[in-house]
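Structure record follows, encoded as structure tokens.
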Amino acid sequence: MPDTLSHSEEIIDASLLLEQYKKAVDASTIVSKTDPNGIITYANDEFCRICQYSREELIGKPHNIVRHPDVPAAVFAQLWETIQGGHMWKGLVPNRAKDGSTYIVDATIFPVADASGTIVEYIAIRHNITELMEQKSLLDQYKSAVDASNIVSKTDPKGIITYANDEFCRVSKYSREELIGKPHNIVRHPDVPAPVFAELWQTIQAGRIWKGVVPNRAKDGNTYIVDATVIPIKNGSGEISEYIAIRHEITKLVETQKIADEKSESLLEKIEQAVDIGLEGIVGSFPLPSVAVDGDDLVLAHNRDFGL
């Protein structure tokens, strides 16, 4: 008798534990059950809340009541083929709520079989990832915007290129295949002093962002100048997993500034020469002894009749 009671107590404990697990899943997950024909037999509160149908509106209806029209029929055909074959199915799918809005779920569907191996129901456990997918979409748009307007590359912690965007390939004149797997110094310009790169590595390996203007050399030997920002990316453990370099090509800007500086210097020289010539000419034309001095009484010009 004691052994029987002990066994019963174990069964009760297991049932209580299972019930707590079920409550935990129900509280945080979209759960539904269907019969072998896909007719809903159970819908938890989270399913009702997200799809906006009441439990009464769901029970007895085919599960495609929340099917989104944008999902290709082939996806559902593959889903049914998988679960009817007794296998678990996993996938990301959009669903449509009662008000017509879309929500996206990460779904897992389990076939449940009886002792004879016959499937008696399907249990679907889904997580609402709509907000996550929206954030991902936003990030993808940001990435596209950055990629379209900047030279972008990624390297592993050793400086080996793992990603090169189209703009990097265009400016450097290397193909993506020629860049991936190569050290980033493939575009290093020989005129850049070694201490510049030493300081760059010291900064980013310490987990800090490095910024600077540097010339790079393209595949054809031409020089292009970039305003570069190199950002260390850390994993969950705080270790640097990669570096992202975002660069703006400023070659034309630098060349234009150089020409402007040269023209400015030339103009200043001509002005100074004109001033000097004009002052000598003016003082020299005076009929009386004359001299021109600056604010410190230094002689700038004098005529022949002025004796020094």
- request: Starting with the highest mean, order 71-81, 222-232 by the number of other Cβ atoms within 10 Å, averaged over the residues of each peptide.
  value: 222-232, 71-81
task: Would you kindly state how much longer the chain becomes between ILE233 and PHE76 on full extension, computed as 0.36 nm times their sequence separation minus their alpha carbon distance, in nm to one decimal?
output: 52.6 nm
Distance in nm between pseudo-label sites at THR203 and LEU139 (7 Å out along the Cβ direction from Cα): 2.6
field: Cα shape, region 12-134, gyration tensor, a/c 1.5 rule
entry: oblate
- line: The alpha-carbon center of region 194-250 and that of region 65-92 are separated, in whole Å, by 46
- prompt: If each residue's Cβ is checked for other Cβ atoms within 10 Å, how do ARG217, ARG67, ARG247 rank with the fewest at the top?
  reply: ARG67, ARG217, ARG247
- request: Using the charge dipole of region 12-134 (Lys, Arg: +1 at Cβ; Asp, Glu: -1 at Cβ; taken about the Cα centre), state which of ALA73, LEU92, ALA43 has its Cα farthest towards the positive end.
  value: ALA73
task: Can you figure out the FRET efficiency of LYS98 with THR162, using R₀ = 35 Å and their beta-carbon distance, to the nearest 0.05?
output: 0.20
field: GLY91 long-range amide H proximity, modeled H, under 5 Å
entry: ALA107
query: What list of ³J(HN,Hα) couplings, whole Hz, do you get for region 214-224 from phi and the Karplus terms 6.51, -1.76, 1.60, once you set θ to phi - 60° and write x for glycine and proline?
result: 9, x, 10, 10, 7, 4, 7, x, 6, 9, 10
- line: If amide H atoms are modeled at 1.01 Å from N in the peptide plane, then the residues at a separation of 5 or more from HIS189, or on another chain, having amide H under 5 Å from its own are ARG217
message: List the residues, sorted by chain then number, that are 5 or more residues from GLU121 or on another chain and whose placed amide H is less than 5 Å from its amide H.
response: VAL112
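Bear in mind these aren't lab numbers, they're just calculated from the coordinates by the rules spelled out. Just so we're clear, the structure is a prediction, and the values are computed from it rather than from any experiment. Cβ atoms come from the backbone with ideal geometry, glycine included; neighbour counts cover every protein chain shown.
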